[in-house]
Amino acid sequence: MSRYLRGMGAAALVAMLSALALGNAGCAVGFRVYDPDYGRYHYWNGAEETQFRVYLDGRHEPYRKFRSLDKDQQREYWKWRHEHERSDDDRR
């Protein structure tokens with residue numbers, strides 16, 4: 001009986017770890033955002049989110065989602081972002 005229980009415990013553990021891995025994979029997926037002044041798309045992922053939070057912090061503004069900004073505010077962010085370009089940029 002104990003072999004059966006260990007086998008069931010191992011199967012449950014594998015199922016749980018697989019579900020966690022798949023759940024986290026969904027968080028890594030981003031979306032594309034168009035930058036009209038530069039005529040290109042940026043891939044919004046964790047790295048871009050971090051840069052956006054740095055931008056908001058530097059302006060002493062509370063956090064809000066990028067998509068909730070109006071077009072002028074988004075343009076201001078992209079202007080700042082290009083002025084603070086990183087060498088390992090995550091654009092696509």
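Here are the numbers for the structure shown:
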{"quantity": "Scope the range 49-92; condition at pLDDT 95 or above and acidic (Asp, Glu); matching residues", "calculated": "GLU49, ASP57, GLU61, ASP70, ASP72, GLU76"}
{"quantity": "Cβ-Cβ under 9 Å pairs, at least 6 apart or on other chains, the range 44-67 side without any contact (Cβ under 8 Å) to a residue 40 or more places away in the chain, far side of a type in the set (Val, Ile, Thr)", "calculated": "TRP44/VAL33; PHE66/VAL33; ARG67/VAL33"}
{"quantity": "The range 33-53: number of residues that are touching a His at 6+ places or on another chain (Cβ under 7 Å) and loosely packed, with under 15 Cβ neighbours inside 10 Å", "calculated": "1"}
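The values are calculated or read from the model by the stated rules, or taken from the named source; none is laboratory data. Worth saying up front: this structure is predicted, and the values here are computed from it rather than measured. Here the Cβ is made from the backbone with ideal geometry for all residues, glycine too, and neighbour counts use every protein chain on show.
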